[in-house]
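The values are calculated or read from the model by the stated rules, or taken from the named source; none is laboratory data. Given the structure is predicted, the values throughout are model-derived calculations rather than measurements. Because the Cβ atoms are built from the backbone with ideal geometry, glycine has one as well, and the counts that use them run over all protein chains shown.
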There are 2 protein chains.
Amino acid sequence: MQKVISTAVIKRLPRYYRYLGELRKKEVVRISSKELSERMNVTASQIRQDLNNFGGFGQQGYGYNVEYLYTEIGKILGLDQEHHVAIIGAGNLGQAIANYGDFARRGFDIRAIFDVKPELIGKEIGGVKIRSMSELKDYVTNQKPDIVALAVPKEHAMQVANDVVSWGVGAIWNFAPTELHLPKDVVVENVHLTESLMRLSYNIRAAKDKQKESETEQ
Amino acid sequence: MQKVISTAVIKRLPRYYRYLGELRKKEVVRISSKELSERMNVTASQIRQDLNNFGGFGQQGYGYNVEYLYTEIGKILGLDQEHHVAIIGAGNLGQAIANYGDFARRGFDIRAIFDVKPELIGKEIGGVKIRSMSELKDYVTNQKPDIVALAVPKEHAMQVANDVVSWGVGAIWNFAPTELHLPKDVVVENVHLTESLMRLSYNIRAAKDKQKESETEQ
């Protein structure tokens, strides 16, 4: 039986991983859950609970071995495997993704970029040539990318997602500001920038309210 | 006393808002929590709970008035106010943000972009001229942007964030893959693309494990 891990825990794992990576670079060998929690703004008991989902890793009175914990969380995140990524859409966002150096380091290998615009086709972005959308079906069928990053206008997102899924793609990284309705076995991760900006706006308003309140109380 | 709203609820509000906006465009007048929940992949009781945080809005047997709920959630999200945004960093990511049409529609007005690269300065992106970083202090001090979008390399992110905060900026939309340590009253919203990709990778691995398991069980 597989244990169901809550999305909140899954959301925190990459942060742990990134932070442990920084410690590792500084050649820190071990860290207590208290220290880890202070740096990460999470309670120590939260960290212990999170990691207990995956069998613990800590040792009473010793804390965590940085290298070991980093490697194990990497495995949980599937980062011990290479992922073949194709980007659809070579506008600013598609180009930003292609040029983002961090991904290659993590084993996300961007091997192809597609666009409809004739003036973009043939151009190189981050060392990868932009191909015509007319080549997409052939590419996906034969090269079988693990992940398709969708950076197309929202009007086209659903159609393109349906196409690549029907050609065998199992995971979509969606940047289009729309909800994709896809078969349940397709993995979808959304980057909704407008929603992120709305959360920022909410927190600005909440901070202002709080300030007003404390002024009234004085 | 202000009620503390959980971040999970705040994360869902923009989705409700986006979805209600779509209904509104289709001139749908009212919707039941059951219908809303099916479209949004959240339970009906979850929706009622979420909206009860802000005083309800629903009516037994009637459901929700789309226009009213849309407007009220907009107010909660602070979208009834115009936000003045400045982008720092005019690389692909900064340019993608500047060109993202959705933001202006939501009242996020991108009025300035800054970069250090001489070859970029003076160029226009989405109708806004790229300025030199040497003008940043003057601009922030005099024009007082509500939000600074940080699209600079991670090595510079902390320094630039500290600078603009010391000049009066209260909200940072951070795209640099690093944790910003800033005074508690500064509102920070992070867009960590690598972490999003890691969650995708986790879910790919989890889906594979599940498939293997069901094959073994047969």
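Brief remarks on what is shown
- A:ILE130 being part of a strand (DSSP E or B), of a type in the set (A, V, I, L, M, F, W, C) and in contact with a strand residue (DSSP E or B) (Cβ under 9 Å, 6 or more places away or on another chain): yes
- Per-region count, segment A:110-162, residues farther than 19 Å from A:ASN92 by Cα, in contact with a helix residue (DSSP H, G or I) (Cβ under 8 Å, 6 or more places away or on another chain) and of a type in the set (D, E, K, R): 2
- Considering residues of segment B:73-104 that are more than 8 Å from chain A (Cβ to nearest Cβ) and at pLDDT below 90 only, the residue surrounded by the most Cβ atoms within 10 Å (Cβ to Cβ): B:ALA104
- Selection count where residues are surrounded by fewer than 22 Cβ atoms within 10 Å (Cβ to Cβ) and among the hydroxyl-bearing types (Ser, Thr, Tyr), scope segment B:191-201: 2
- Enumeration of residues in segment A:2-52 that are at the interface with another protein chain (Cβ under 10 Å from one of its Cβ atoms) and either at positive phi or of a type in the set (S, T, N, Q) (or both): A:GLN2, A:THR7, A:ASN41
- Top-ranked residue of segment B:101-113 - restricted to ones that are in a loop (DSSP other than H, G, I, E, B) and in contact (Cβ under 8 Å) with a residue 12 or more places away in the chain, ranked as nearest to the chain's Cα centre (by Cα): B:ARG106
- Every test in (1) out of contact with any Pro (no Cβ under 8 Å at 6 or more places or on another chain); (2) within 12 Å of another protein chain (Cβ to nearest Cβ); (3) assigned to a helix (DSSP H, G or I); (4) buried (at least 17 other Cβ atoms within 10 Å of the Cβ) is passed by B:TRP173 save one, and that test is (3).
- Within segment A:159-170, being closer than 11 Å to A:VAL187 by Cβ and either without any contact (Cβ under 8 Å) to a residue 12 or more places away in the chain or within 13 Å of chain B (Cβ to nearest Cβ) (or both) holds for A:VAL169, A:GLY170.
- Some residue of segment A:116-137 being within 13 Å of chain B (Cβ to nearest Cβ) and farther than 27 Å from B:GLY101 by Cα: no
- All of (1) part of a loop (DSSP other than H, G, I, E, B); (2) in contact with a Gly (Cβ under 6 Å, 6 or more places away or on another chain); (3) modelled with pLDDT under 95 hold for B:ARG205 with one exception: (1).
- Residue check, A:GLY107 within 13 Å of chain B (Cβ to nearest Cβ) and small (Gly, Ala, Ser): yes
- Condition broken by A:ASP163, with the remaining ones in (1) surrounded by 18 or more Cβ atoms within 10 Å (Cβ to Cβ); (2) touching a Lys or Arg at 6+ places or on another chain (Cβ under 8 Å); (3) of a type in the set (Asp, Glu) satisfied: (1)
- Boolean, A:ASP138 is part of a strand (DSSP E or B), among the acidic types (Asp, Glu) and either farther than 14 Å from A:VAL160 by Cβ or within 23 Å of the chain's Cα centre (by Cα) (or both): no
- Where B:GLU155 falls short, out of the listed (1) in contact with a Pro (Cβ under 9 Å, 6 or more places away or on another chain); (2) within 14 Å of another protein chain (Cβ to nearest Cβ); (3) in a helix (DSSP H, G or I); (4) not hydroxyl-bearing (Ser, Thr, Tyr): (1)
- Any hit, segment B:20-38, residues being within 30 Å of B:GLN159 (Cα to Cα), loosely packed, with under 15 Cβ neighbours inside 10 Å and modelled with pLDDT of 90 or more: no
- Residue check for A:ILE88: within 30 Å of A:THR141 (Cβ to Cβ), in contact with an Asp or Glu (Cβ under 9 Å, 6 or more places away or on another chain) and among the hydrophobic types (A, V, I, L, M, F, W, C): yes
- Whichever residue in segment A:176-189 is facing another protein chain (nearest Cβ under 8 Å) and at pLDDT below 95 and, among such residues, is surrounded by the fewest Cβ atoms within 10 Å (Cβ to Cβ): A:ASP185
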